[in-house]
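Here is the structure we will look at, set down as structure tokens.
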Amino acid sequence: MDQIDRGTQIVRSALFVPGDRPERFAKALAAGAGQVIIDFEDAVEEGAKAGARDSLRTFLLQNPEARVWVRINSTGHVQYQADVEFCSREPGVAGIMLPKAEDPSLVMQLSECGKPLWLIIETAMGAATLSLLSATPGVERLCFGSIDMAVDLALEEGTQGGQSMLNTLRAGVILHSKLNGLAPPLDGVYPAIADVSGLAASVKNSHGMGFGGVLCIHPSQIRVIHESLAPAIEEVDWARRVREAAVNQPGAFKMDGRMIDAPVLARADRIISLASLSHTSQR
């Protein structure tokens, strides 16, 4: 799994697994995603939600070394409190993902459970309160729920205008993540599982905007995501040469006719870090 450190943590992929499909839990953990998220919300029918908690409890008892995140039901849902209590007492639950995050005071209450929080910004109200949500103690990372956001705003799917609006909202998620020292945000899922080229293009677009990775719904998407985020060999070679040249340089210097200063060194470090993650995931 990818390295975990608030503010610098790079998670390239986070895989959703339906909470009522326990036979998939172990497979998901072995699939190579940066994090695995057991989903108690959208992926589970209303009558099966309590059973999903029982299934995960059993799995964690049988696999005490396992660590998963849980997407609980939203704050207004009848199962919300039971989900929170479950996550609070289960040591195998590493953190909580809150869908439809909107109310900073409710997020503050949720943070009292002691588990780190990932907030999904996927409604107009969530976007409107983003500055407060992202500054709430206990929040580790923001995620962008593009599909739900498009529905909430009645955006026309596939249109230039709809995409432009979503990208504007994405920019807010990225900006407020940086301003509050949060871990790099995750973009929303790409629902067309078989569309490999479309997924790769979407991931590269998200990364170019500043997202650290993306959410996904199928194990087959993980490899595509990681390959799309991996820096090119030429980039890695350049970054390593920059770092080697900087060893004996006390300040800014020239290399290949280009000025190398602190921002360029930071970019080189990010490239080397991503290359290291890509190498680790391929072993």
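The values are calculated or read from the model by the stated rules, or taken from the named source; none is laboratory data. Since we're looking at a predicted model, the values are computed, not measured. As a convention, Cβ positions derive from the backbone with ideal geometry for all residues, glycine included, and neighbour counts pool all protein chains shown.
List of remarks:
- Close pairs (6 angstrom Cβ cut-off, 6 or more residues apart or separate chains): closer than 20 Å to E140 by Cβ in segment 164-177, surrounded by fewer than 16 Cβ atoms within 10 Å (Cβ to Cβ) and of a type in the set (A, V, I, L, M) anywhere: R170/M209
- Against the conditions (1) among the small types (G, A, S); (2) farther than 18 Å from L117 by Cβ; (3) out of contact with any Pro (no Cβ under 9 Å at 6 or more places or on another chain); (4) touching a residue at least 40 places away in the same chain (Cβ under 8 Å), G34 satisfies every one except (2).
- Of the numbered criteria (1) in the same structural domain as I193 (by TED's automatic domain parsing); (2) assigned to a loop (DSSP other than H, G, I, E, B), the one V214 fails is (2).
- Selection status of I121, under 24 Å from D42 (Cβ atoms), of a type outside the set (D, E, K, R) and in contact with a Phe, Trp or Tyr (Cβ under 7 Å, 6 or more places away or on another chain): yes
- None of V247, V224, V214 is of a type in the set (A, V, I, L, M, F, W, C), farther than 21 Å from Q35 by Cβ and out of contact with any Lys or Arg (no Cβ under 6 Å at 6 or more places or on another chain) except V247.
- When S202 is tested against (1) more than 15 Å from V11 (Cα to Cα); (2) assigned to a loop (DSSP other than H, G, I, E, B); (3) assigned by TED's automatic domain parsing to the domain that holds L29, exactly one condition is not met: (2).
One line per residue, one yes/no per condition, for (1) modelled with pLDDT of 95 or more; (2) more than 14 Å from the chain's Cα centre (by Cα); (3) crowded, with 23+ Cβ neighbours inside 10 Å; (4) in a helix (DSSP H, G or I):
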| residue | (1), (2), (3), (4) |
| --- | --- |
| T8 | no, no, no, no |
| G32 | yes, yes, no, no |
| V36 | yes, no, yes, no |
| A48 | yes, yes, no, yes |
| F59 | yes, yes, no, yes |
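- With a requirement of 2 or more residues that are under 24 Å from S55 (Cα atoms) and of a type outside the set (D, E), the helices (runs of 4 or more DSSP H) lying completely within segment 66-167 that satisfy it span 80-89.
- Checked against (1) in a helix (DSSP H, G or I); (2) closer than 23 Å to V11 by Cβ, P184 meets all criteria but (1).
- Where a residue in segment 78-105 is crowded, with 21+ Cβ neighbours inside 10 Å and its partner, wherever it lies, is of a type in the set (G, A, S) and assigned to a helix (DSSP H, G or I), with Cβ under 6 Å and at least six apart: A101/G126; E102/G126
- Within segment 187-199, the set of residues being free of Cβ contacts under 8 Å to residues at least 12 places away in the same chain and not in a helix (DSSP H, G or I) comprises A192, A194, D195.
- Of the criteria (1) surrounded by 13 or more Cβ atoms within 10 Å (Cβ to Cβ); (2) touching a strand residue (DSSP E or B) at 6+ places or on another chain (Cβ under 9 Å), which one V236 fails: (2)
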